[in-house]
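Every number here is computed from the coordinates shown, using simple stated rules; none is lab data. Bear in mind that the values here come from a model prediction, so they are computed numbers and not experimental data. Please note: Cβ atoms are built from the backbone with ideal geometry, for glycine as well, and neighbour counts cover all protein chains shown.
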């Protein structure tokens with residue numbers, strides 16, 4: 001999955017909590033802030049059921065975040081991520 005999370009999502013530990021939630025769900029991928037401070041980008045791979053839960057979580061975000069919109073698309077699983085981490 002590729003997702004852009006839009007709202008008050010930078011400066012509220014969004015990436016930190018995204019890594020924790022992804023690891024809890026056994027999801028692999030990355031999260032990073034985009035230059036537009038209202039956006040965070042996520043690439044994620046995992047079991048469909050876990051991905052559905054993760055996507056639902058992205059719509060809520062952690063405490064302190066205010067998610068307005070999540071734009072996403074499902075991509076083929078390439079198994080290219082060794083874990084889930086923040087990238088710059």
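From the list 5, 70, 12, 42, exactly one residue is closer than 14 Å to residue 87 by Cβ and crowded, with 16+ Cβ neighbours inside 10 Å. Which is it?
42
Does the stretch 76-87 contain at least one residue that is under 10 Å from the mean Cα position of the chain (by Cα) and without any contact (Cβ under 8 Å) to a residue 60 or more places away in the chain?
no
For the stretch 38-51, what are the residues that are touching a strand residue (DSSP E or B) at 6+ places or on another chain (Cβ under 9 Å) and assigned to a loop (DSSP other than H, G, I, E, B)?
Hits for the stretch 38-51 are 38, 46.
Identify all residues within the stretch 20-37 that are part of a helix (DSSP H, G or I) and either out of contact with any strand residue (DSSP E or B) (no Cβ under 7 Å at 6 or more places or on another chain) or surrounded by fewer than 18 Cβ atoms within 10 Å (Cβ to Cβ) (or both); write none if there are none.
20, 21, 23, 24
A quick yes/no check of all residues on (1) under 11 Å from residue 1 (Cβ atoms); (2) touching a strand residue (DSSP E or B) at 6+ places or on another chain (Cβ under 6 Å); (3) assigned to a loop (DSSP other than H, G, I, E, B):
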| residue | (1), (2), (3) |
| --- | --- |
| 53 | no, no, no |
| 58 | yes, yes, no |
| 69 | no, yes, no |
| 75 | yes, yes, yes |
